[in-house]
Structures are given as C-alpha cells and as structure tokens.
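Step one of this worksheet: look at the structure below.
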Amino acid sequence: VYVERRAKGRPHQGKVLAAIQPHSDDMPIYSSGTIAKLIDEGYTAYLIQVTNDEKCGPTASFGETILANERDVEALAKVLGIKQTFYLGYRNHLMDEAPAVEIRARMIFLIRALKIDTVFTFNPWGHGEENPDHWVTAQAVEAACWMAGNPKDYPEHLAAGVMPYSVKE
C-alpha cells in the first residue's frame, strides 16, 4: 500500500480540475481528500453536479430536498476551496432518459470553457454499477474528454471564442 503525501510547494499551479458527480454525496465519499490535496498543491477546482438530487435526502418534498442538497454542495465546495459549482439539473435516477449527446455536449462546453486538465468522475466501464446516473455521467464525461480537443466537434464554440481543449488526466 502506498499513501501519497502532500507535495512541497504548489506543483500543480495553473492546472484546472473538475469533480463531476451525479449526486451530492459522490465526490465527498470517493475523492474529496485527493481533491483537497490537489487544490492545496495549486489546482483550481470546479464541481459539476449533474442531477438535481431530488430523491436523496430526508426532507418532505422534492423541492426541499433539491435545495437542501444544493446548500450542502455549496458548503462542501467552500470548505474544499472549489472555485465554482455548476448544476446541470438532470432528474435523479433517470439520467438514462436524457439524450447522451446532450449531456456530452454540455460536458464538452465546460471542458473547453474552463480549460479542464484533470477530471474526477466514475469509471465509465465499471462492472456491476447499478445506478444509471453513475454510468451515464461517466460515459458522457469519458467521450467529452477527448472530443473537447477536436475543433470539428461543435465549431460554433470556436466562433464564440471557446477554443478546443483536451483533458489530460
């Protein structure tokens, strides 16, 4: 077992990462420690919340649940030093009803606009993953990471000044 310790200085200064999570509890459970370390080492970080999380929480209504989860996400982002959170608003547990090309296009735009170097999300080919929100998000992100670097994909972005940019990690 190898435990990676904090690097000296700010070796990642100028790099950008995105934590892309379907639900408000995903990144805190799976990667918040690593993300906090990388922010401390110089990364600028963004959080992309893909679903509205309406089915996750002890509140009485969907609306209250969405608001409570957004408040929790914002508090987490503040503690970790995340620069900004983007909420895409897809319905919880129903992402497989959303057009994959739409989700991918939104990810491509964010990768390009934010110049994201490093992405944290679920494994797009994770065996045994039951939650459709996890694998739909992961597959859209995986394709967007390389497509964002191709100037022939979504040339209207270029016309608007949003240039191609490929995720490196």
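The values are calculated or read from the model by the stated rules, or taken from the named source; none is laboratory data. Because the structure is a prediction, the values reported are computed rather than measured. A quick note on method: Cβ atoms are made from the backbone with ideal geometry, for glycine too, and the neighbour counts reach across all protein chains shown. Just so you know, the surface numbers come from the protein's heavy atoms only, side chains and all, with ligands and any DNA or RNA stripped out. Shrake-Rupley method; radii C 1.70, N 1.55, O 1.52, S 1.80 Å.
Take each of the peptides 141-150, 126-135, average the number of other beta-carbon atoms within 10 Å over its residues, and list them starting from the highest.
141-150, 126-135
Just the number, please: Stokes-Einstein D of region 80-119 in µm²/s, Kirkwood Rh from C-alpha pairs, 10 °C, 1.306 mPa s.
It comes out at roughly 134 µm²/s.
To one decimal place, what Kirkwood hydrodynamic radius in Å is obtained for the chain from all pairs of distinct Cα atoms?
One decimal place: 16.6 Å for the Kirkwood radius.
What do you reckon, how do K55, K152 stack up by accessible area (1.4 Å probe), largest on top?
K152, K55
Could you pull out every whole DSSP H run in the chain that spans at least 15 Å of Cα extent along its own axis and averages -0.5 or higher on the Kyte-Doolittle scale?
Those that pass (Cα extent of 15 Å or more, hydropathy at least -0.5) are 62-80, 100-114, 132-147.
Under a 10 Å cutoff between Cα atoms, tell me which one of T51, T137, T59 has the largest fluctuation in the Gaussian network model of the chain.
For the chain, modelled as a Gaussian network with Cα springs under 10 Å, the answer is T59.
Once the mean 1/r over all distinct Cα pairs of region 1-75 is inverted, what Kirkwood radius in angstroms do you read off?
Computed over region 1-75, the radius equals 13.9 Å.
For region 78-169, take the alpha-carbon Rg, divide it by the Kirkwood Rh, and send me Rg/Rh.
Value, to two decimals: 0.98.
Please build a GNM for the chain, connecting alpha carbons under 10 Å apart, and tell me which residue among R112, R71, R91 fluctuates the most.
R71
What is the distance in Å between the Cα centres of region 60-115 and region 1-18?
25 Å
Please label the shape of region 46-99 as rounded, prolate or oblate, based on the square roots a ≥ b ≥ c of the eigenvalues of the alpha-carbon gyration tensor (a/c under 1.5 means rounded; beyond that, a/b larger than b/c means prolate, else oblate).
oblate
Give the cross-link partners of K78 among the lysines, using a straight C-alpha distance below 27 Å as the criterion and excluding same-chain residues fewer than 8 apart.
Of all the lysines, those that pass the test against K78 - Cα under 27 Å, at least 8 places apart if same chain - are K8, K15, K37, K55, K115, K168.
Using only DSSP helix segments of four residues or longer, with each worth -39500 (n - 2.57), what per-residue ellipticity at 222 nm results for the chain after dividing by its residue count and rounding to 500?
Calculated mean residue ellipticity at 222 nm is -12500 deg cm²/dmol.
Quantify, in whole percent, the carbon and sulfur part of the accessible surface of region 34-122 (1.4 Å probe; protein heavy atoms only).
That fraction is 58 percent.
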